[in-house]
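A quick write-up on the structure given underneath.
The values are calculated or read from the model by the stated rules, or taken from the named source; none is laboratory data. Everything numeric here is computed off the predicted structure, so don't read it as measured data. Backbone-built Cβ (ideal geometry, glycine too); neighbour counts: all protein chains shown.
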Amino acid sequence: MLFEYGLTFAIVGLGFNLLLGYTGLLSFGHGAYFAAGAYTVAMVGKYLPKAYSLEILIPAALLFSLVLSIIFGFVCVRHTRIFFSILALSLSMLLFALLFKLYHITGGSDGLRVPLPTMFGFSFKGVRRPEFLSGTYYYFLLVMFAVSFLIMKGIVSSPFGKALQAIRDNEVRAELIGIRVRRYRLYAFIISGMFVGLGGALWTFVNGHVTADLSHWVFSGEIVYMTLLGGFGIFEGPIIGAMIFTYLKLYAMGNTQYWMFVIGATLIILVLLLPNGVAGAVSGLWGKIKRKSH
Amino acid sequence: MLTIDNLRKHFGFVKAVDNINLDIKEGEIVSIIGTNGAGKTTLVNLISGYIRPDSGRILFLDKDITYASPYVRIKLGVGRSFQLIQLFGGISVLDNVRTALFSKYGMIRRGLLSADRYSSVTDEAIKILDNFNMSDKKNLTPKGLSEGDLKILDVAIAFALKSKLLLLDEPTSGVATSDKFKVMDSIVSAIRKEGISTLIIEHDMDIVSGYSDRVIVMHEGRIMAQGKPDEIMENKDVKATVFGIVN
């Protein structure tokens, strides 16, 4: 089950890094779009059980995270650096407050249960969650991850991706070669939000339960953490970071009540010793070996 | 091509640009020289739209662009390079030029196919780099380039936008003296090949004399003299004021 968690976070990492690694914007509020995807699934399950089918839930989650990231993104991309980060955080906390306080609709701090969905007319009634996760859903997740990977790879290497990198490197010059900087930042924000929303939707079936904490800044911090852990300078970095983080967190939680200390200490070591993340360090080492062998 | 009519920009008591009149013809390379504070960069900033004049007019291809935004001017064909280099440091030299081309051709929204799949744009970017003698460095990032190459790349990006008028603000500042002429050779030969009208800002007459059709000397916001490079070199007032030679 850990691998399935890791795969959903890997999709989240791919989306988050379009904004951080390729556009140069650090969001401390991406939990909001994760929650948007996750709550879309949970709310449809509660209020529209007839539509509770994977082929409806995924597009619905994408649509809702699209709408939310357009609204929040429109506000956020008017600023950069710390102002952008704090604004993104504040907006995600607004959503957190709504999810937390509207108890009768969202389940408040108790959250909502997420039953197993139907899939192209096929019902999983009577199937236990671990069996569902290691069977059909496992392959579905793999396909979703592969599709997300290929789409994001295409985006970052496309002319659009190059424009985002140009904005990241020098927004003044980017404007002067005819790129509408604010508009392209918004596009990146929306795509990023949709990937994170997709990850959130896929994650709910693995977790079986959603709570308002998904939109809390602490959860957004975990998204930042896993991206830094893998390395945001390399395309595959956030995927590796998501996998390591999933296993590290569970290992720490299973062995000590001070698991947050372990996570914090790892972050300090990471920043001091591996500023380019695990993938960055491996890639650097590989480069050195290759140069020596020549 | 470019007509400047009684252009004026004062900063408080400082007359940075004071009733300047200027014409640049198609394909002409004009250099503006002058001491620090003469108003050269202010003039370039006014033409490229960074700052707005107090009065006067700027006509480009018979269109009044006096108060047009920098973005509109770029789209009309006014490109510029910078005294302080402005590049995209995290992407390759090729991508620096290619991104400008994608933008110029309105292809920047294409978001699914790799940039490499647009081979005609890639070929054009390599040709531009070739014109500037930089195609062998296309896979490096700007961090791996010398100061001179950074300056050339800065101009190559403006060049890629198919500018009809190029404004080059001190294209050799910060470059080692031994490399200054090499940099100018690369830049000017590429510009001459395409017949682009160019305004070069420099404070060193030696650098521009061999490359300019006309030299304009600015002093305290006004045009002090203009003419062919050798005429300017012999002008007594220019010698005294700009070069500090009194005889």
Scanning for something within 21 Å of residue A:156 (Cα to Cα), surrounded by 24 or more Cβ atoms within 10 Å (Cβ to Cβ), of a type in the set (Ser, Thr, Tyr) and at pLDDT below 95, does the stretch A:36-43 turn up at least one residue?
no
When every residue in the stretch A:60-84 that is under 16 Å from residue A:188 (Cβ atoms), at pLDDT 90 or above and not β-branched (Val, Ile, Thr) is compared, the one surrounded by the most Cβ atoms within 10 Å (Cβ to Cβ) is A:65
Out of A:148, A:109, A:158, sole residue that is within 21 Å of residue A:8 (Cβ to Cβ) and not aliphatic (A, V, I, L, M)
A:148
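This table checks each residue for (1) touching a residue at least 40 places away in the same chain (Cβ under 8 Å); (2) small (Gly, Ala, Ser); (3) closer than 27 Å to residue B:76 by Cα.
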{"residue": "B:189", "(1), (2), (3)": "yes, yes, yes"}
{"residue": "B:208", "(1), (2), (3)": "yes, no, yes"}
{"residue": "B:225", "(1), (2), (3)": "no, yes, no"}
{"residue": "B:234", "(1), (2), (3)": "no, no, no"}
Could you name every one of the helices (runs of 4 or more DSSP H) located completely within the stretch A:103-204 that has at least 1 residues being among the aliphatic types (A, V, I, L, M), under 16 Å from the mean Cα position of the chain (by Cα) and at the interface with chain B (Cβ under 10 Å from one of its Cβ atoms)?
A:136-157
Answer yes if at least one residue in the stretch A:58-75 is in contact (Cβ under 8 Å) with a residue 12 or more places away in the chain and not in a helix (DSSP H, G or I), and no otherwise.
no
Can you spot a residue in the stretch A:8-30 that is aromatic (Phe, Trp, Tyr), in contact with a Pro (Cβ under 8 Å, 6 or more places away or on another chain) and buried (at least 21 other Cβ atoms within 10 Å of the Cβ)?
yes
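Conditions tested, residue by residue: (1) β-branched (Val, Ile, Thr); (2) under 19 Å from the mean Cα position of the chain (by Cα).
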| position | (1), (2) |
| --- | --- |
| B:100 | no, yes |
| B:110 | no, no |
| B:120 | no, no |
| B:146 | no, no |
| B:177 | yes, no |
| B:181 | no, yes |
I'm checking my understanding of the structure. Among residues of the stretch A:43-70 that are over 18 Å from the mean Cα position of the chain (by Cα) and of a type in the set (A, V, I, L, M, F, W, C), which one is farthest from residue A:15 (Cα to Cα)?
A:48
For the stretch B:5-25, does any single residue satisfy the condition of being closer than 30 Å to residue B:145 by Cα and not acidic (Asp, Glu)?
no
